[in-house]
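Have a look at the structure below before the remarks.
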Amino acid sequence: MSENLTLPAQQGSTDPTPTETLLEVKGLTKHFPIYGGFPIKRKVGAVQAVDGVDLTVGVGESLGLVGESGCGKSTTGRLITRLLAPTAGQITYAGQDITHASRRQLAPVRSEIQMIFQDPYSSLNPRQTVGTIIKSPMEVNGINPEGGREKRVRELLELVGLNPEHYNRFPHEFSGGQRQRIGVARALALNPKLIVADEPVSALDVSIQAQVVNLLQKVQQELGIAFVFIAHDLAIVRHFSQRVAVMYLGKVVEVGDRDSIYNRPRHPYTHALLSAVPEVEISDESESRERIRLAGDVPSPIHPPSGCRFRTRCWKAQDKCATEEPPLVQLSGNRAGHLTACHFPEDPTTEARDEDVVLDPALKALEEDQD
Amino acid sequence: MTSPTKAEDSGSAVALDPELAATSEVAKGAKKLEGRSPGQLMWQRFKRDRTGMFCAGVVIFYFVVALCAPLLTAISGTNPYTLYGQDPTYADQPVLDDFGLPLGYFGGVSADHWFGVEPQYGRDLFAMLVYGMRTSLLMALGVTTLLMLTGIIIGMVGGYFGGRTDYWLGRVTDFFLSFPQQLFFIAFMPVVTAFFVDPREETPTYFRALAILIVLWLLGWMGMARIVRSTVLSLREREFVEAAKVAGASPGRIVRKEILPNIVSPILIQFTYQLPSTILTIAFLSFAGVGFVEPTPDWGRLFAAGAKYAEQDPAFMFFPGVALVIFILCFNLLGDSVRDAFDPKSGR
Ligand SMILES: Nc1ncnc2c1ncn2[C@@H]1O[C@H](COP(=O)(O)OP(=O)(O)OP(=O)(O)O)[C@@H](O)[C@H]1O
Ligand code: SF4
Ligand SMILES: [Mg+2]
């Protein structure tokens, strides 16, 4: 095994933050079966959307979940909120196993785990007024706040920066950013302890994105709500998350506190993601940063590559990567809680290389032509 | 994808005061605080559509006429059953000549018989038409309501639960769709009737109505089921349904509060197309001789009779025919207008 490997993984419980654990996910797996055949349909395969994910979220902590499109972030979020039933693994919320809890069994924790959705146009029922939309979680859970539900709705609207008098309006009368605020108000209606936000700003106009992120940050800090913030690039998450988990093709490849991930990343995929973020200043002295262009698509989750799933696009891949799956462990020199799944990790730096790494042969040929 | 430039922008915009930005976002909509629902918007668009409003007026007029048939015949002083040509009571006012054809012009139009009389029997066409419309419209309304309800329920169940339930409901739908409809209407009507009534006895009229209802219902719900199923299937995946699930809403509540209000428009649109086509089908059944029979006044039966008299008295077909063409045309135009009002993008 690799020499810089020191500690075996503590099943995701190596949370460095001293806070108590709110949500713990172990070996979470979701395979969507594919049916085919005629005349009798049989299971012919499975989309391995999420495959053995370990995560922990502390009370009031915000965890960023990052990865390219199709790597299973939304599926993970939906599993945590139990919109989907996991194929395998365990979800523990506040010490209670909710992996296979039915709707009725879930009722007590339902109000504590809420979700903010990606598309502000499809996440609000077009036939309901804003008041009805925000009120309905309270109705479902039989919550009667002091002063009535309507008063609470007005407070929530004010909290998310909307005019409380817009209570009787319909979603189509609002802009995308305002709609997303309504979605936030709905998620807050039940005083949740954990909010899963699935790319809450990626459908919004650039000028609105920052406002909504700021709102979420304000909510997170003032109300002490834990967040799982899903995004597909590292820039948005940076301002928001205390810890970041990087996902690739259904697996967590690297997880750690914000500083470790942004300044001392070890996994080649994290390096690639970071190099695609122009805004992030890695360290003050390094003017020129490394350039890695990740070209090509994520391989199909139906037939993921053997061994390390990133090996088809990795510039450090060796034979071992094809045969042995790298475990998610703490590498020597990493801080506690900074786990990486790689046999041949990169140096913990993001400074420029002698030569750009270009991952796509076609792209490389193109650049040589131009130079 | 959030592009790097987007990310950069958001990074610099973080400095913006969120409160300030939010209030300015709100300010532009602060004038009128009572929102207008999609339904109200639809009604406003519909009101602006002249054709739609006109056709709606015509359609309503027909229904009023049909419902008020007894009143109208009281004014005209006729009824659809009396044989004015043969009844000795009316011997002093002859309506037919020696060959059994109507006296006077245009099928015997007169102050007593506004639309003329039927050859041979001398029955009053006006009374037969308004009563016939009544039979047809009420029947069509009944059939359409039944098959819409069935279609909605089956479509909702299949669409909402999906999986195996949806698969089997889909196969049942396919099975019923595979019947050649017109043929089966004709073939099935006597079977259904014979099933309940001794063939040697006279079939009561209410029973004929019931048989028509059953046959049209059994063979007509599939279109609605398919439309509702596909709509529900797409709604089920929408995030607001997931939001309701995350809040812990029961399937019943999700169907009632989240899904039903959103399938009202396709249902209404389908209704405005389904009703006229059902009227035509019922007329066709009577025309083919398996629907209503003598002496029940019925729109379709008037055409059957009209075809019989076409050579001697072509005028007999005129009033029922024109009435039907105008009605179906207006109803279909109304359907188009309703669809346009619900979905302005598909408009002309
Ligand atoms: N209901 C489903 N049935 C079958 N496959 C699914 C289903 N939902 C997701 N998948 C597959 O699972 C994989 C992961 O999807 P997921 O939506 O979790 O990705 P993601 O990381 O959220 O991507 P994005 O950034 O595009 O939202 C994809 O390959 C997707 O096609
Ligand atoms: S294990 Fe091998 S293929 Fe996977 S990221 Fe590390 S070096 Fe690359
Ligand atoms: Mg997603």
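Brief remarks on what is shown
- Single residue of B:GLN274, B:GLN312 found to be surrounded by 17 or more Cβ atoms within 10 Å (Cβ to Cβ), farther than 30 Å from A:GLU112 by Cβ and of a type in the set (S, T, N, Q): B:GLN274
- Of the residues in region A:153-165, not one is within 11 Å of another protein chain (Cβ to nearest Cβ), more than 27 Å from the chain's Cα centre (by Cα) and under 21 Å from B:VAL246 (Cα atoms).
- Residues that are within 11 Å of chain B (Cβ to nearest Cβ) and assigned to a loop (DSSP other than H, G, I, E, B) within region A:166-199 comprise A:ARG169, A:PHE170, A:PHE174, A:SER175, A:ALA189, A:LEU190, A:PRO192, A:GLU199, listed in sequence order.
- Residue tally, condition closer than 16 Å to A:GLU112 by Cα and either in a helix (DSSP H, G or I) or within 16 Å of ligand 2 (Cβ to nearest atom) (or both), over region A:65-88: 4
Rundown of residues vs (1) touching a Ser or Thr at 6+ places or on another chain (Cβ under 7 Å); (2) in a helix (DSSP H, G or I); (3) surrounded by fewer than 15 Cβ atoms within 10 Å (Cβ to Cβ); (4) at pLDDT below 90, yes/no style:
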| residue | (1), (2), (3), (4) |
| --- | --- |
| B:ILE152 | no, yes, no, no |
| B:THR173 | no, yes, no, no |
| B:ASP198 | no, no, yes, yes |
| B:THR203 | yes, no, no, yes |
| B:ALA209 | no, yes, no, yes |
| B:ARG229 | no, yes, no, no |
| B:VAL241 | no, yes, no, no |
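- Counted residues, region A:50-62 - those being surrounded by 24 or more Cβ atoms within 10 Å (Cβ to Cβ) and either within 16 Å of ligand 2 (Cβ to nearest atom) or within 22 Å of A:VAL298 (Cβ to Cβ) (or both): 2
- Residue list for region A:41-64, filter: in contact (Cβ under 8 Å) with a residue 24 or more places away in the chain, outside any strand (DSSP E or B) and not small (Gly, Ala, Ser): A:VAL59, A:GLU61
- Residue tally, condition small (Gly, Ala, Ser) and either modelled with pLDDT of 90 or more or in a helix (DSSP H, G or I) (or both), over region A:95-139: 5
- Any hit, region A:206-213, residues being surrounded by fewer than 22 Cβ atoms within 10 Å (Cβ to Cβ), in a helix (DSSP H, G or I), of a type in the set (Ser, Thr, Tyr) and over 27 Å from the mean Cα position of the chain (by Cα): no
The values are calculated or read from the model by the stated rules, or taken from the named source; none is laboratory data. Model, not experiment: these values are computed from the prediction. Counting neighbours? That spans all protein chains shown, and the Cβs are built from the backbone with ideal geometry, glycine included.
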